[in-house]
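Quick notes on the structure that follows.
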Amino acid sequence: MGRARRASAVLAVLLVLGLAAPSQASTPPLVNWGQVLPGFTPGLDLSSSNICTSGDPACVESVLRTMARDLHRLASTCDHNAVFQLGYMRTTEAYYESSQIPGFYDDVAWMHHYDAVFAEYYMGPLRAWEQGDASAVPPAWRQAFGAADGRELSALGNFLMGMNAHINRDLPFVLDDIGLTDADGDSRKPDHEQVNAFLNTVGDDMIPEIAARFDPTIDSTPHDDVLMGFASAQLIQTWREQAWTNAWLMTYTPEPVADLVAQAIEVGSAQLGALIRQATAIPDAAAQARDAHCADHWDDWDGGDGVYFDGQDEPPAGLPTLSQVVDTATIDALAAAGVTLDVSLAGGVQIELSTALLPPPLDGAVGLVGDALDGGPGGGDDGVDDVIGGIIGGLFGRR
């Protein structure tokens, strides 16, 4: 059901947005690591001979090798997609390190499988885009790849565009594919949330590396890399929480309603991508300066401190508390069907369903999920949106 729902949602959004296909592939086709590992499909099976289906650590190692090869190819040509590629690879390295800490996750095999499925949701569209098959690329990724090919954005813009497509768009579908509960019916959310434990530390090294290799303007606080790392981590955590909620709506609502949720995810993530694209656009002179820097420094990084996750949080001090409001347009067709879509940089893609769309047992449950996002059971901090909004507003103001 999940794959059919995604296909219909992508088609509907392409018709609504009218996004154009690239005229030709910019690079040769890539090897599909999913095909190299035959039989890999979403759904954990510990007895499978496929290392990714069974959640074997070797699967994550395979993913990282592919990411490293792709990064070298993109970085050496100063392809603007290299920025997100680097960020995603460093985050995956941090995940792998955290998975080797005894007891850090309840179900390590499931997390390895989760990591592999999630990676393919990015690598698959990247392959399709580079092969000129835009019809196989979701709208949010079309926005990200198109902006990178056009050399339109700062590195911050490329990074945010990739995060938006992969978290706000891909992650709900990934979770819907692999399941929100285990065989006993227990929620997988604790392990999903454990990922947040290392995100605060990844950016401390990742942002300076992007600055050193690709675009110095991304490091707006070079004397406080912890602050920049915290800002990116908090944004990711907020979007990941909303992605879980959107996956929950697809999983536990009737199929016609779940299809509407899927369409809202496609529309909302593409819409947010357009907002980011507009907010982080740079003039031609800045793009040329960025490319000149990359040409001289793309391979300069010495590896930082060599550790992306040491098990310790590094909270910053003195975070700004300014807020930023981003105006969004209403998607009339979804609204008429009872689906309210709210898109913002701070909140991601937030979807609310009319009670008329839900059978009585789910009516109250959806309310509980919404409450969780506002600091209720399993939720976050009431002030996080203001903090993130202020940081992002400051970053955009410096471009």
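The values are calculated or read from the model by the stated rules, or taken from the named source; none is laboratory data. Remember, it's a predicted structure, so these values are computed and weren't measured experimentally. Virtual Cβ from ideal backbone geometry, glycine too; neighbours counted across all protein chains shown. The area values use the complete protein model at the heavy-atom level, side chains included, leaving out ligands, DNA and RNA. Shrake-Rupley method; radii C 1.70, N 1.55, O 1.52, S 1.80 Å.
The coefficient of translational diffusion for the stretch 42-157, derived via Stokes-Einstein from the alpha carbon Kirkwood radius under 25 °C and 0.890 mPa s, stands at 160 µm²/s.
Computed from backbone phi, the HN-Hα couplings of the stretch 262-274 come to 4, 5, 5, 4, 4, 5, x, 5, 5, 5, 5, x, 5 Hz, rounded to whole numbers (Karplus: 6.51 cos²θ - 1.76 cosθ + 1.60, θ = phi - 60°; Gly and Pro given as x). When only alpha carbons are used to place a centre, the stretch 236-275 and the stretch 130-204 end up 12 Å from one another.
Can you tally the net charge around Leu126? Count Lys and Arg as +1, Asp and Glu as -1, for every other residue whose Cβ sits under 13 Å from the Cβ of Leu126. Provide the component values of the computation, followed by the final result.
On the way: positive: Arg69, Arg73, Arg127, Arg142; negative: Asp70, Asp79, Glu120, Glu130, Asp133, Asp149, Asp170.
Here the count lands on -3.
When the accessible area of the stretch 252-299 is split by element with a 1.4 Å probe, what percent falls to carbon and sulfur? Can you show the working numbers first?
On the way: 1090 of 1950 Å².
Carbon and sulfur: 56 percent of the exposed surface of the stretch 252-299.
Each label was represented as a point 7 Å from its Cα along the Cα-to-Cβ direction; for Asp133 and Thr355 these points are 4.6 nm apart. Solvent-accessible area of the stretch 165-209 (1.4 angstrom probe, protein heavy atoms only): carbon and sulfur portion equals 41 percent. This model, with +1 at the C-beta of Lys and Arg and -1 at the C-beta of Asp and Glu, gives the stretch 60-170 a dipole about its Cα centre of some 320 debye. With 15 Å as the cut-off, how large is the P(r) tail for the stretch 252-300, expressed as percent of Cα-Cα pairs? Pairs farther apart than 15 Å: 67 percent. Under 20 °C and 1.002 mPa s, how fast does the stretch 52-104 diffuse according to Stokes-Einstein, given a Kirkwood radius computed over C-alpha pairs? Answer in µm²/s, whole number. Answer from the Stokes-Einstein relation: 180 µm²/s. Taking all protein chains into account, the per residue accessible area for the stretch 62-147 stands at 28 Å² (1.4 Å probe).
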